[in-house]
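To keep things clear, I will list the structure first and then write my remarks on it.
The values are calculated or read from the model by the stated rules, or taken from the named source; none is laboratory data. Source: prediction; values computed, not measured. No Cβ is skipped: glycine too gets one built from the backbone with ideal geometry, and neighbour counts run over all protein chains shown. Side chains are part of the model used for accessible areas, which takes the heavy atoms of the whole protein and leaves out ligands, DNA and RNA. Shrake-Rupley method; radii C 1.70, N 1.55, O 1.52, S 1.80 Å.
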Amino acid sequence: SGYASGDFMLGAGMVIIQPATGKVVVCHDTKTKSYFLPKGRKDVNESLEDTAVREASEESGYPVRHFPLFKDTWQPVPPEDRNKEYPANIEPAYVSITPWTPRFTKDGHFKDRGGEYLTFWYVGQIAADAQWTPGTGMADEQNYVSELHTFERAIQLL
């Protein structure tokens with residue numbers, strides 16, 4: 001199976017960990033009262049890895065960077081690393097696929113035929129002394145705040 005470029009969207013999201021405390025950053029939309037992990041669509045010519053960091057930083061308000069982990073992947077190891085033990089990597093930890101249905105304008109005209117939204121999920125980290133900065137997101141994201149929670153509490157909220 002496959003999809004033509006007009007039938008899918010690519011995005012990236014990130015689970016953000018603060019290694020010093022073992023806590024997880026959970027975003028909170030104070031307007032809708034919902035909790036979520038940061039994610040969003042990639043910009044044209046932007047890598048998925050860069051998308052993950054940008055979206056995580058914008059929506060969480062924290063300076064985020066990738067957290068290399070020792071996890072399985074089918075991606076080949078670069079030639080310069082082939083003589084080393086299996087290296088930590090920043091490959092996606094998970095991929096979610098969410099369909100969207102055909103959309104129409106308010107006056108009933110066809111807008112798009114729908115498709116699949118593929119979100120590549122990464123793991124990121126913030127420093128022990130990371131400071132939350134409000135207002136880092138887009139105009140419709142100004143009501144987002146971020147909270148640090150234990151894994152157990154994060155799972156409850158999400």
Straight-distance crosslink candidates among lysines, where the alpha carbon sits under 18 Å from Lys71 and sequence neighbours closer than 8 are dropped: Lys84
D for the chain, whole µm²/s, Stokes-Einstein with Kirkwood Rh over alpha-carbon pairs at 4 °C and 1.567 mPa s: what number? 75
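Can you tell me the relative contact order of region 18-124? Whole percent, Cα pairs under 8 Å, sequence separation 6 or more.
RCO, region 18-124: 21 percent.
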Can you give the accessible area of Thr32, probe radius 1.4 Å, in Å² rounded to 10? 80
With a/c under 1.5 counting as rounded, go ahead and sort region 55-141 into rounded, prolate or oblate using the C-alpha gyration tensor (a ≥ b ≥ c being the square roots of the eigenvalues; past the cut-off, prolate if a/b is larger than b/c, else oblate). oblate
For region 65-148, which whole percent of the accessible surface, found with a 1.4 angstrom probe, sits on carbon and sulfur atoms? 57
Suppose each label sits 7 Å from its Cα in the direction of the beta carbon; what would the Asp7-Lys71 distance come out to in nanometres? 2.8
I'd like to check one number: the per residue accessible area of the chain, probe 1.4 Å, reported in Å² as a whole number. 64
